[in-house]
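Since the structure comes first, as structure tokens, the remarks are kept for the end.
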Amino acid sequence: MTASAKSKSLYDVSDHTKRRNAAEKRFRRYGQGAIMIGLLMLCMLVYTIVSKGTGAFQQTFVTLNVELLESKLDKKGNRDIEDIKKVTTFGYAPLINTAMEAAVSDHGVQSDLKSKEMAKIISKSAPAVMRDLVIADPSLIGQTVELKFLANSWIDGYLKGRVTRDSIANNKNVSSEQLDFVDLMVDAGVIYKGFNLNFILGADASDQRPEDAGIGVAMLGSLAMMVVVLVLALPIGVAASIYLEEFAPKNRITDIIEVNIANLAAVPSIVFGILGLAVFINTMELPQSAPLVGGLVLTLMTLPTIIISTRAALKAVPPSIRSAALGIGASKMQSVFHHVLPLAAPGILTGTIIGLAQALGETAPLLLIGMIGYIASNMPETIAQGFLSPNSAMPAQIYEWAKRADPAFYERAWGGIIILLVFLVTMNTIAVLLRRRFERRW
């Protein structure tokens with residue numbers, strides 16, 4: 001055998017093969033690098049959200065023994081609830097000042113601050129909290145009750161490291177003397193940090209009381225909207241998908257409908273907000289900022305997603321299933337509803353949950369129907385109020401907090417993002433589990 005024949009052996013790697021193998025290795029490294037960059041960005045996102053938002057789940061509290069003087073709260077002494085209600089929050093504020101002085105004296109804290117300056121470290125919501133407590137139980141009048149008040153946002157920020165002594169040089173809300181006083185009260189155990197359940201279950205608050213703001217009412221608003229979306233979008237979307245996929249004739253009209261459904265899925269969400277403002281509020285005169293209107297708008301936005309995913313699930317069912325059903329005497333409708341639809345159910349549920357998760361995080365449509373500007377400060381008392389009374393939603397509430405000036409609201413915006421992400425991850429996890437549980441491979 002000659003030397004030229006040996007050089008052409010199949011076991012020899014040619015230059016072209018070497019270049020092709022090298023290109024393949026480079027492509028694999030590019031893919032691995034892309035995955036690493038994606039994971040790095042994801043880790044950075046999660047770290048940023050958690051580091052900035054976990055503070056919202058903790059709050060600074062001030063524990064005081066407050067004497068509920070009868071001479072201040074029930075001058076007639078008859079415990080008439082109407083007379084007690086006439087006492088405004090201004091009548092409760094001096095009791096907090098007196099309780100703060102007593103706490104300072106009992107713990108031997110030395111401070112040059114006046115009692116009013118000491119009491120300013122407590123949230124402005126404290127008198128209202130006391131008034132609600134007394135109205136709910138008038139028998140407390142005349143007793144000394146241990147009460148837990150929220151510290152104001154600046155004191156809370158100081159103990160969390162968000163507020164420093166250098167940053168308050170020109171701040172009228174808090175002084176260095178008050179911070180010195182807070183340090184002494186922390187050592188005495190009067191001021192401490194604890195879990196802030198009110199952030200999860202509470203309502204939004206005004207700009208003057210950021211420490212009292214919660215996302216609970218907005219969560220109910222989002223829940224009401226999701227109920228509306230589920231009740232309307234699921235049956236309408238599935239019915240439209242079944243008709244287009246199984247019954248509709250294949251002609252130019254159905255082609256136009258399919259193209260428009262695909263186009264609607266790509267329309268910016270704010271366009272649906274304009275549509276909702278024009279139709280549901282201006283024309284139908286439904287209540288502004290109501291979860292019902294928000295749910296209707298999000299239904300319009302979610303329908304294309306559900307229709308597309310449902311049609312894909314129906315297409316995934318083998319034609320032999322339909323043929324077998326028809327072959328044993330089933331009607332077209334029976335073959336669809338008794339055989340095709342149950343087999344496509346996992347895909348339909350997955351698409352529906354993904355559509356709901358997308359709707360849950362939308363903000364732009366809610367901006368145009370007024371759910372951004374409304375401060376959700378009261379819990380709905382009935383189911384009807386939950387749908388028809390003005391309310392906000394979680395993404396709208398987060399947006400509202402993020403644009404306010406007080407840094408405490410900014411912290412709550414990050415905390416709201418954590419809660420919203422928990423909802424979204426939960427919904428997507430359910431979608432994956434449903435698909436794995438019911439999926440059949442052909």
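The values are calculated or read from the model by the stated rules, or taken from the named source; none is laboratory data. Since the structure is predicted, the reported quantities are computational estimates derived from the model, not experimental observations. FYI the Cβ positions are ideal-geometry reconstructions off the backbone, even for glycines, and counts take in every protein chain you see.
Any idea how many residues of segment 161-185 are surrounded by fewer than 18 Cβ atoms within 10 Å (Cβ to Cβ), under 21 Å from Lys52 (Cβ atoms) and touching a residue at least 40 places away in the same chain (Cβ under 8 Å)?
1
Taking into account only those residues within segment 72-88 that are within 16 Å of Asp132 (Cβ to Cβ) and in a loop (DSSP other than H, G, I, E, B), which is modelled with the lowest pLDDT?
Here the residue is Asp74.
For residues in segment 327-355 being buried (at least 20 other Cβ atoms within 10 Å of the Cβ) and small (Gly, Ala, Ser), which is nearest to the chain's Cα centre (by Cα)?
It comes out as Gly355.
Could you tell me how many of the residues in segment 43-64 are in contact with an Asp or Glu (Cβ under 8 Å, 6 or more places away or on another chain) and either surrounded by fewer than 12 Cβ atoms within 10 Å (Cβ to Cβ) or of a type outside the set (Gly, Ala, Ser) (or both)?
5
Look at Arg79 and say whether it is in contact (Cβ under 8 Å) with a residue 24 or more places away in the chain and surrounded by 10 or more Cβ atoms within 10 Å (Cβ to Cβ).
yes
Would you confirm, using the coordinates I've provided, whether Arg26 is assigned to a helix (DSSP H, G or I), basic (Lys, Arg) and either modelled with pLDDT of 90 or more or at positive phi (or both)?
yes
If I go through segment 100-124 residue by residue, how many of them are outside any helix (DSSP H, G or I) and either surrounded by 19 or more Cβ atoms within 10 Å (Cβ to Cβ) or among the aromatic types (Phe, Trp, Tyr) (or both)?
4
Just to be sure, is Phe90 exposed (fewer than 10 other Cβ atoms within 10 Å of the Cβ), assigned by TED's automatic domain parsing to the domain that holds Leu159 and among the hydrophobic types (A, V, I, L, M, F, W, C)?
yes
Within segment 356-370, which residues are under 16 Å from the mean Cα position of the chain (by Cα) and part of a helix (DSSP H, G or I)?
Passing the criteria: Leu356, Ala357, Gln358, Ala359, Leu360, Ala364, Pro365, Leu366, Leu367.
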